[in-house]
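Peer 1: This is the structure I have questions about; it appears just below.
What follows draws every value from the coordinates through simple rules; no lab data is involved. On a predicted model such as this, the values are computed, not experimentally measured, just so you know. Every residue, glycine as well, gets a Cβ built from its backbone with ideal geometry; the counts of neighbours run over all protein chains shown.
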Amino acid sequence: MILLLDGTSDSRKLGSELISYGYSIIATATTEEGTEKLEKENIQAIKGKLDHETIISKCRELSINAIIDGSHPYADAMHENAINASIKLGIPLIRFEREMVKIKSDRIVYTDNYEKAVALAGKIGKNIFVTTGVRNIENYKGLLEEHNVYFRVLPDPDGIKALIDMGVRRASIIAMEGNFTESLDRAIMEYYGIDTVITKDSGFNAEPKILAALSLGINIIIISRKNYSWENIGHTTLQITKILNHYRIK
């Protein structure tokens, strides 16, 4: 049995494809919605937030012989939990990850963290479009007084409330669920007069907004992924199956 740490649409697709190839998969989901999405793909789900001790106990309970970390590229806590559990259990850990953004431009600047991204945006921008989610919104508080900051977030009541509680105007909250097209992103940027975008390197999901921004001459600040030295990493189902076959895991 393989434990899939889920968190993205592409990891769910991976799980579904592995099952079709005869692999035994059980996946994690932190929310009811996540559980429903897995079940639609006929993937058995474990619901609830997992720290590394819980992952270890579930792996022992279910006789897991490999872990696939398919969580979001910026889910650093989950990556650390997966690494620690793999070491403790002595079983292979395979990272399934979206490839990084491949677009190159002088208007794209990479930063190591939120603090540097916000500091740079404050210097070069006035109307700033933030698409980094709500987990680190406190980093943007210092921009609100002298800049127009527009946040695109999931239409989740708790996330929207957190923004309002921080002092963000309701008119500056764009609550939408993707995936988003280049034309839609361009329309949003034009409507709000955006001159600077802050985003993450979420691979293909980030490319439409980057292309839209570049077409309008807008500066883009990308918060880089944390660098992990993965022993086993794949970007496609085929690459993952080759790694599983190497370990003779089915």
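Peer 1: Which of Arg95, Arg248, Arg169 has the fewest other C-beta atoms within 10 Å, and how do the rest follow up to the most?
Peer 2: Neighbour counts put them in this order, fewest first: Arg248, Arg169, Arg95.
Peer 1: With 29 Å as the limit, write out which pairs from Lys58/Lys161; Lys47/Lys141; Lys88/Lys226; Lys58/Lys209 have Cα-Cα distances beyond it, or answer none.
Peer 2: Lys58/Lys161; Lys47/Lys141; Lys58/Lys209
Peer 1: Follow-up question, since we're still on this one. If you fit an axis through the alpha-carbon atoms of helix 52-62 and take the longest principal axis of the Cα set of the chain, what angle between them do you get, 0 to 90°, nearest 10?
Peer 2: Helix 52-62 and the main axis of the chain meet at about 40 degrees.
Peer 1: Post the alpha-carbon centroid distance, region 24-54 to region 114-177, in whole angstrom.
Peer 2: Taking the Cα centre of each part, region 24-54 and region 114-177 sit 29 Å apart.
Peer 1: Using 0.36 nm per residue, how much length does the chain from Asn127 to Glu177 gain when fully extended, once their Cα-Cα distance is taken away? Show your work: numbers first, answer last.
Peer 2: On the way: separation 50, 0.36 × 50 = 18.00 nm, distance 2.18 nm.
Here the segment from Asn127 to Glu177 would lengthen by 15.8 nm.
Peer 1: Starting from the Cα of Thr236, step 7 Å along the direction of its Cβ; do the same at Lys40; then give the gap between the two resulting points in nm.
Peer 2: 2.6
Peer 1: Order these by the 10 Å Cβ neighbour count, fewest first: Phe204, Phe129.
Peer 2: Least to most surrounded, the residues fall as Phe204, Phe129.
Peer 1: Would you mind classifying the chain by shape? Square roots of the alpha carbon gyration tensor eigenvalues, ordered a ≥ b ≥ c; an a/c under 1.5 is rounded, otherwise it is prolate if a/b is larger than b/c and oblate if not.
Peer 2: Verdict is prolate for the chain.
Peer 1: Right, next: Given the -39500 (n - 2.57) contribution per DSSP H run of 4+ residues, what per-residue ellipticity at 222 nm results for the chain, rounded to the nearest 500 deg cm²/dmol?
Peer 2: Per the formula, -11500 deg cm²/dmol.
Peer 1: Also, I was wondering about something else. Taking neighbour counts of Cβ atoms within 10 Å as a proxy for exposure, in what order, fewest first, do Asp201, Asp69 appear?
Peer 2: Asp201, Asp69
Peer 1: Please give the helix 9-20 orientation as an angle from the longest Cα principal axis of the chain, in degrees from 0 to 90, rounded to the nearest 10.
Peer 2: 20
Peer 1: Quick one: net charge of Leu154's neighbours, Cβ under 13 Å, K/R +1, D/E -1?
Peer 2: Cβ neighbours under 13 Å give a net charge of -1.
Peer 1: If one takes the longest principal axis of the Cα atoms in the chain, at what angle in degrees, from 0 to 90 and to the nearest 10, does the Cα axis of helix 182-192 lie?
Peer 2: 40
Peer 1: First select every other residue whose beta carbon is under 9 angstrom from the beta carbon of Ile223; then total the charges, Lys and Arg +1, Asp and Glu -1.
Peer 2: Summing Lys/Arg as +1 and Asp/Glu as -1 gives +1.
Peer 1: GNM on the chain, C-alpha springs below 10 Å: top fluctuator among Ala162, Ala171, Ala187?
Peer 2: Comparing Ala162, Ala171, Ala187 in the GNM, the peak value goes to Ala171.
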